[in-house]
Amino acid sequence: MGRADTHLHTHFSGFNQLGNAMKFPESVITPEVQVDQMRRLGYQVMAITDHDAIAGAFQGEKYAKKFDDIDLIVGEEVTTLEGEIIGLFLTEKVPRGLHVEETVDIIRSQGGIVIAPHPFSFHVPGLQEKILTLGVDGFETINGGHPDYYSNMFACKVMDSYPGRWADLAGSDAHSVYTSGTCWTEFEGTTADDFRDSILKRKTKGCGKAADPFTQVQWSMEVVIGGQKLLTDKLRNRLEIVEGDQLAQKIDSITRLNAGIGIVAGSAYLFPPITCLATVLSLAFLKRGSKKMVETMDERLDRIGRIIEGVDSGVPYDDGKKMFQVSNKRIERAAKKLNG
């Protein structure tokens, strides 16, 4: 059996925003570093799926071709108005900020595979019940960035309730080498073509577990230190900007004063009490959120069953309830762009 990780990020993923002011890099590692890490782990297939970007995947693909023990799939994690979706085996960038149905059509037009990442997350923008009517090829039953009790567990329950309906996948969602290697997708064969065939035949299996919360802390410290280095490069007029590199382009656009403020703020975060406090608060949030979601789990599973019955019968089910959706700054920006 081959191993694949088809949810990996690089510095081409740009930045995210916490609240109205704090911006931070999604990742500060290069595509080449991700390729080297997957080879060290003994994986045969990988995909770079940067947020709303594809340049990093093409760069990684070029590097991976130097080796005969790894296949790299060009992918993209696309921001839609309803949540995030992954396209694999892409040939060109998929635009963000569209309705998910249109995004799926664009992925399909390139001969791509459609995957729903972290579909039932309550803290990042998954597609939730929307995956039931989209005709996705598969979804993640294990997402490495979800150490909470609920998200992966519920995805596994949905997958197990309807065997053969979707491909069962696990992706590390690694933005750092610290958070990779804890989960993977097993498939028949060893090549990217074998992996694609296994998805279409529903013969994949998500394995492993989410990354330990401590590794998420390591990732956060890595992006802060890496971000500080980039800000310092800007102040020294040494910042290198590659086409498609959203992070470098964003840093280049800020003022020198804000670059200096960012360096100071990053240093404050790296002070141990602040890092520990952030970890404690994050764990408390995940525990509280999981408990709340579990309370309605049986009701939600019943609703999912009714939606699927409607899909299969051709009579859509609608109980009038609003679909659970996670608010996210990236989605909000995409919606504003679409609406002018």
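Give the relative contact order (percent, whole number) for the chain; include only Cα pairs under 8 Å separated by 6+ residues.
Details: 711 pairs, mean separation 65.4, N = 340.
Worked out over the chain, it gives 19 percent.
When Glu101, Glu82 are ordered from fewest to most other Cβ atoms inside 10 Å of their Cβ, what list results?
Working: Glu101 13, Glu82 20.
Result, fewest neighbours first: Glu101, Glu82.
Sorted by mean Cβ packing within 10 Å, highest first, what order do the peptides 252-258, 127-133, 111-117 take?
Values: 252-258: 11.4, 127-133: 20.7, 111-117: 22.6.
Descending mean neighbour count gives 111-117, 127-133, 252-258.
Note down, for region 132-207, the three equivalent ellipsoid semi-axes (square root of 5 times each alpha carbon gyration tensor eigenvalue), biggest first, whole angstrom.
Numbers: eigenvalues 78, 62, 18 Å².
The answer is 20, 18, 9 Å, longest axis first.
Write down the Kirkwood hydrodynamic radius of region 214-291, to one decimal in angstroms, obtained as one divided by the mean of 1/r over all alpha carbon pairs.
Values: mean 1/r = 0.0712 Å⁻¹.
With all distinct Cα pairs of region 214-291 included, I get 14.0 Å.
Under unit Cβ charges (Lys, Arg +1; Asp, Glu -1), what dipole magnitude, rounded to 20 debye, does region 160-226 have relative to its Cα centre? Mind dumping the intermediate values first?
On the way: 7 positive and 10 negative charges, 46 e Å.
Using Cβ point charges on Lys, Arg, Asp and Glu, region 160-226 gives about 220 debye.
Once you charge only the Cβ atoms, +1 for Lys and Arg and -1 for Asp and Glu, what is the size of the charge dipole of region 1-106 about its Cα centre, to the nearest 20 debye?
Here region 1-106 has a charge dipole of around 460 debye.
If you stretched the chain out fully between Thr279 and Asp160, how much longer would it get, using 0.36 nm times the residue separation minus the C-alpha to C-alpha distance? All intermediate terms of the calculation are to be shown ahead of the outcome.
Working: separation 119, 0.36 × 119 = 42.84 nm, distance 3.23 nm.
Full extension from Thr279 to Asp160 adds 39.6 nm.
Using mean Cβ contacts within 10 Å as the protection proxy, how do 145-154, 42-51 order, highest first? Walk me through the numbers before you get to the answer.
Working: 145-154: 22.5, 42-51: 25.1.
Packing order, densest peptide first, comes out as 42-51, 145-154.
How big is the shadow of the Cα convex hull of region 21-172, averaged over all directions, in nm²? Walk me through the numbers before you get to the answer.
Numbers: hull surface 38.9 nm².
Computing the convex hull of the Cα atoms and averaging its projections yields 9.7 nm².
What dipole magnitude, in Debye to the nearest 20, does the chain give about its Cα centre under +1 on Lys/Arg Cβ and -1 on Asp/Glu Cβ?
So the magnitude is around 1080 debye.
What order do you get for His123, His7 when you list them from fewest to most C-beta neighbours inside 10 Å? Intermediate values should be presented prior to the final figure.
Numbers: His123 18, His7 29.
Going from least to most buried by this count: His123, His7.
Nearest-5 percent of antiparallel DSSP beta bridges in region 33-119?
Details: 9 of 14 bridges.
Rounded to the nearest five, the antiparallel share is 65 percent.
Only Cα pairs within less than 10 Å get springs; with that Gaussian network setup on the chain, which residue of Ser121, Ser267, Ser290 has the largest fluctuation?
Ser267
Quick one: Leu41, Leu90, fewest Cβ neighbours within 10 Å first, how do they rank? Provide the component values of the computation, followed by the final result.
Values: Leu41 15, Leu90 24.
With the sparsest Cβ surroundings first, the list reads Leu41, Leu90.
Placing one identical point scatterer on every Cα of region 20-84 and ignoring solvent, what is log10 I(q)/I(0) from the Debye formula at q = 0.25 Å⁻¹?
Relative scattering, expressed as log10 I(q)/I(0), comes to -1.05.
Once every Cα of the chain carries one equal point scatterer and solvent is ignored, give the base-10 log of I(q)/I(0) from the Debye formula at q = 0.07, 0.15 Å⁻¹, two decimals.
So the normalised log intensities work out to -0.28, -1.34.
How would you order 52-58, 189-195, 308-314, 179-185 from highest to lowest mean count of nearby Cβ atoms within 10 Å?
Working: 52-58: 23.3, 189-195: 18.3, 308-314: 12.0, 179-185: 24.9.
The packing order, highest mean first, is 179-185, 52-58, 189-195, 308-314.
Each reported figure results from applying straightforward, stated rules to the coordinates on display, with no laboratory input. Computed from a predicted structure; not experimentally measured. We place every Cβ from the backbone using ideal geometry, glycine too, and count neighbours over all the protein chains shown.
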